[in-house]
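Once you've had a glance at the structure underneath, I'll fire off some questions.
The values are calculated or read from the model by the stated rules, or taken from the named source; none is laboratory data. The shown structure was predicted, so the numbers you read here are calculated from the model rather than taken from an experiment. When we count neighbours, we look across all protein chains shown, and the Cβ atoms used for this are built from the backbone with ideal geometry, even at glycine. Quick note on the areas: whole protein, heavy atoms, side chains included, nothing else; ligands and nucleic acids left out. Shrake-Rupley method; radii C 1.70, N 1.55, O 1.52, S 1.80 Å.
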Amino acid sequence: MKKVFIVGAGQMGLDIGQVMAKTGYQVVFNDMSEEILATQVGKLEKSLDKMVSKGKMTEEKKAEIMGNVSTSATLDAAADADLVIEAIVENVQVKKDLFAKLDALCKPETILATNTSSISITEIASATKRQDKVIGMHFFNPATVMKLVEVINGLNTSKETFDTVYELSKEIGKDPVEVKEGPGFVVNRILIPMINEAAIVLEEGLASAEDIDKSMKLGCNHPMGPLALGDLIGLDTCLHIMDTFYAETCDSKYRASRLMRQMVRGGKLGRKTGEGFFKY
Ligand code: CAA
Ligand code: NAD
């Protein structure tokens, strides 16, 4: 495996690409426009510059990583990719449309992986004629730092595909776990309802956003409070995940916070828009 095509160069796709390029893979980033790609690759270079200035990376390594990275605003460059990692918006229909296009374009042996936070791998795979080669490769934010990758089998994912992605996760310095398919898999099934509950606690006026986060940091030793974590993930993504849980289970315990829904409608998505529960 040499060439990795990453669809969606947002906060996750960009970091995943950085990890892959650092290991020596040729990475092609794809997004909606050349402008977005230029901005995002600029961000990648800045973050590598920061590491160089901190003495955590050599100029040579930075040059090697940047040399492994290229961009394409069309999907054509996926044609000779060995692996595709999808990290676009958390919307089942948009992901299925993309997988159908990738299936038609890519070599028959190419593995199509999704970084989805909550959507059924089997559902995404059903848009392709290679369900055995579709798999969940779920990274955690920030993907340059967090060690975990959940490797998720859909109903028809082959053992060969699973083994390849599991071994690849180890090769790029991550510590993978095998997870069966279910809404939100393991981590998000537990984590996102907690963030949602924190939004409901805020909605009910039990404490300020600052004090809710302080409580969970000092009371539970969490590295970040749940509201700041929601802002880091993106409230649009958190809401999509809650709505997927509800749609898949019809269980009212997964009712999304009204406040969170209102904030998403109003464009307060967290760090990526400069404001969420907190201002950035
Ligand atoms: N991007 C890249 N690197 C980052 C970063 C970011 N956004 N934020 C911090 N870092 C790096 C720092 O540069 C620093 O690196 P060095 O040690 O090499 O200098 C390191 O991470 C530690 O950072 P800090 O000392 O500034 O801050 P910290 O110790 O508080 O750590 C944190 C920051 C790692 C983000 C930590 O607060 C944390 O672990 N938070 C929880 C993150 C979490 O739960 N992520 C999972 C979200 S859920 C998910 O991703 C799944 C999903 O589908 C939604
Ligand atoms: P983001 O909004 O930062 O980035 C998404 C990127 O995809 C944007 O640059 C957007 O322009 C691009 N995009 C959207 N539709 C596209 C299309 N059809 N073709 C090409 N590019 C397209 O989102 P993100 O936070 O990076 O999340 C991406 C995926 O990763 C989602 O499925 C999300 O659930 C998952 N995820 C997110 C986190 C997190 O903490 N944010 C963690 C793990 C997994």
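Search the stretch 92-117 for residues being acidic (Asp, Glu) and either surrounded by fewer than 17 Cβ atoms within 10 Å (Cβ to Cβ) or not assigned by the TED database to the domain that holds ALA77 (or both), and hand back the single one that is farthest from ligand 1 (Cβ to nearest atom).
Here is the first cut: in the stretch 92-117, the ones acidic (Asp, Glu) are 97, 103, 109.
Still in the running and either surrounded by fewer than 17 Cβ atoms within 10 Å (Cβ to Cβ) or not assigned by the TED database to the domain that holds ALA77 (or both): 97, 109.
Values: ASP97: 21, GLU109: 28 Å.
It comes out as GLU109.
While we're on this one: On the given criteria, is MET66 open to solvent by 20 Å² or more (accessible area, probe 1.4 Å) and at pLDDT below 95?
no
Of everything in the stretch 140-160, what is under 30 Å from MET57 (Cα atoms) and open to solvent by 10 Å² or more (accessible area, probe 1.4 Å)? Give them in sequence order.
We begin by selecting, within the stretch 140-160, every residue under 30 Å from MET57 (Cα atoms); these are 140-151.
PHE140, ASN141, PRO142, THR144, VAL145, MET146, LYS147, LEU148 - these are the residues of the stretch 140-160 that are under 30 Å from MET57 (Cα atoms) and open to solvent by 10 Å² or more (accessible area, probe 1.4 Å).
Separate question: If you take the residues of the stretch 182-204 that are away from ligand 2 (no atom under 16 Å from the Cβ) and open to solvent by 60 Å² or more (accessible area, probe 1.4 Å), which of them is farthest from the chain's Cα centre (by Cα)?
GLU204
Residues are listed down the side, and each one gets a yes or a no for (1) aliphatic (A, V, I, L, M); (2) away from ligand 1 (no atom under 16 Å from the Cβ); (3) in a loop (DSSP other than H, G, I, E, B); (4) under 20 Å from GLU171 (Cβ atoms):
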residue	(1), (2), (3), (4)
ILE16	yes, no, no, yes
MET32	yes, yes, yes, no
GLY55	no, no, yes, no
GLU64	no, yes, no, yes
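Follow-up question, since we're still on this one. All but one of (1) touching a residue at least 40 places away in the same chain (Cβ under 8 Å); (2) more than 14 Å from ligand 1 (Cβ to nearest atom); (3) more than 25 Å from THR249 (Cα to Cα) hold for ASN141; which doesn't?
(2)
Scan the stretch 128-139 for residues that are open to solvent by 30 Å² or more (accessible area, probe 1.4 Å) and not in a helix (DSSP H, G or I) and jot them down.
The one that is open to solvent by 30 Å² or more (accessible area, probe 1.4 Å) and not in a helix (DSSP H, G or I): LYS129.
Taking GLY8 as the residue in question, decide whether it is within 15 Å of ligand 2 (Cβ to nearest atom), in contact with a strand residue (DSSP E or B) (Cβ under 8 Å, 6 or more places away or on another chain) and open to solvent by less than 60 Å² (accessible area, probe 1.4 Å). Spell out the reasoning first.
On the way: within 15 Å of ligand 2 (Cβ to nearest atom): yes; in contact with a strand residue (DSSP E or B) (Cβ under 8 Å, 6 or more places away or on another chain): yes; open to solvent by less than 60 Å² (accessible area, probe 1.4 Å): yes.
It is true that GLY8 is within 15 Å of ligand 2 (Cβ to nearest atom), in contact with a strand residue (DSSP E or B) (Cβ under 8 Å, 6 or more places away or on another chain) and open to solvent by less than 60 Å² (accessible area, probe 1.4 Å).
Out of GLU160, GLU203, which single residue is in the same structural domain as LYS22 (by the TED database), more than 16 Å from ligand 1 (Cβ to nearest atom) and more than 23 Å from ILE88 (Cα to Cα)?
Answer to the check: GLU160.
Give the residues of the stretch 80-94 that are more than 22 Å from PRO108 (Cα to Cα), of a type in the set (A, V, I, L, M) and within 12 Å of the chain's Cα centre (by Cα), sorted by residue number.
Correct list: ILE88, VAL89.
Among the numbered criteria (1) of a type in the set (Asp, Glu); (2) closer than 19 Å to ALA143 by Cβ; (3) assigned to a helix (DSSP H, G or I), which single criterion is violated by GLU90?
(3)
From the list GLU90, GLU86, which residue is closer than 22 Å to THR237 by Cα, within 16 Å of ligand 2 (Cβ to nearest atom), at pLDDT below 95 and not aliphatic (A, V, I, L, M)?
Testing whether each residue is closer than 22 Å to THR237 by Cα, within 16 Å of ligand 2 (Cβ to nearest atom), at pLDDT below 95 and not aliphatic (A, V, I, L, M) leaves just GLU90.
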